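See below for the structure under consideration.
The values are calculated or read from the model by the stated rules, or taken from the named source; none is laboratory data. These numbers come from a predicted model, not from an experiment. Don't worry about glycine lacking a Cβ; one is built from the backbone with ideal geometry, like all the others, and counts go over all protein chains shown. Just so you know, the surface numbers come from the protein's heavy atoms only, side chains and all, with ligands and any DNA or RNA stripped out. Shrake-Rupley method; radii C 1.70, N 1.55, O 1.52, S 1.80 Å.
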Amino acid sequence: MGEAVRWLTSEEQHAWRGFVRLHERLGGRLGRQLQTESNMSTADFAVLVELTDVPEGRQRFLDLAQSLEWEKSRMSHHISRMAKRGLVAREECAEDGRGAFVVITDAGREAIEAAAPRHVEAVRALFLDHVTPAELRVLADISERVVGKLDEDSS
């Protein structure tokens, strides 16, 4: 514990705080818009996006929690709320009897299909329309590198 703290330089602090502020404000604005226009939370949207990105619209419960970086209890409570609204269903895993699948329902597909175009327009208006293609490529490179390192270190 005797290691010296590597404090942020003023340039690093400026960049970090700007990134955090961007993330918080953009996420908040997109979340409010999603809730207002589609009656869907950002958490609902994240779950439905994950499920529409996999074959058959189904994913193991724990794999879904891991991909969203959610704790098991948060995942369980949220999936229960979504199931009550008919957006997803929970299916037991016949192969091992212990695991469960989360499956998108027809109502869930309809909800995400209705919300996605509005969400994309908001992403464009609030973010993409304000960066250049070169900046976007740099952001993608940075994001992939940092996420790759996070994935490496997750074990």
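With contacts taken as Cα pairs under 8 Å at a separation of at least 6 residues, the stretch 67-155 carries a relative contact order of 15 percent. Probe of 1.4 angstrom, ligands and nucleic acids ignored: what's the accessible area per residue over the stretch 1-114, in square angstrom? With all protein chains present, the stretch 1-114 gives 72 Å² per residue. Here the relative contact order of the chain, from alpha carbon pairs under 8 Å that lie six or more residues apart, stands at 21 percent.
Protection proxy ranking of 147-154, 58-65, by the mean of other Cβ atoms within 10 Å over each peptide's residues and highest first, is 58-65, 147-154.
P(r) for the stretch 1-81, from all Cα pairs and a bin width of 10 Å, is 15, 30, 29, 19, 8, 0 %, short bins first.
Given in Å, the Rg to one decimal and the Dmax to the nearest whole number for the Cα atoms of the stretch 41-81 are 9.4, 25. Count Lys and Arg as plus one, Asp and Glu as minus one, and take only other residues whose Cβ is under 13 Å from that of Arg137; the net charge is then -2. Between the alpha-carbon centres of the stretch 128-155 and the stretch 1-58 there is a gap of 13 Å.
For the stretch 79-149, with equal point scatterers placed on the C-alpha atoms only and solvent neglected, what are the log10 I(q)/I(0) values from the Debye formula at q = 0.16, 0.21, 0.22 1/Å, to two decimals? Ignoring solvent entirely, the Cα scatterers give -0.83, -0.89, -0.91. The portion of the accessible surface of the chain made up by carbon and sulfur, rounded to a whole percent, is 53 (1.4 Å probe; DNA, RNA and ligands excluded). Full extension of the chain between Ala116 and Ala94 gives 4.7 nm of extra length, using 0.36 nm per residue less the Cα-Cα distance. For the chain, the calculated P(r) over all alpha carbon pairs, in 5 Å bins from 0 to the bin holding the longest distance, is 1, 7, 13, 16, 18, 16, 12, 8, 5, 3, 1, 0 percent.
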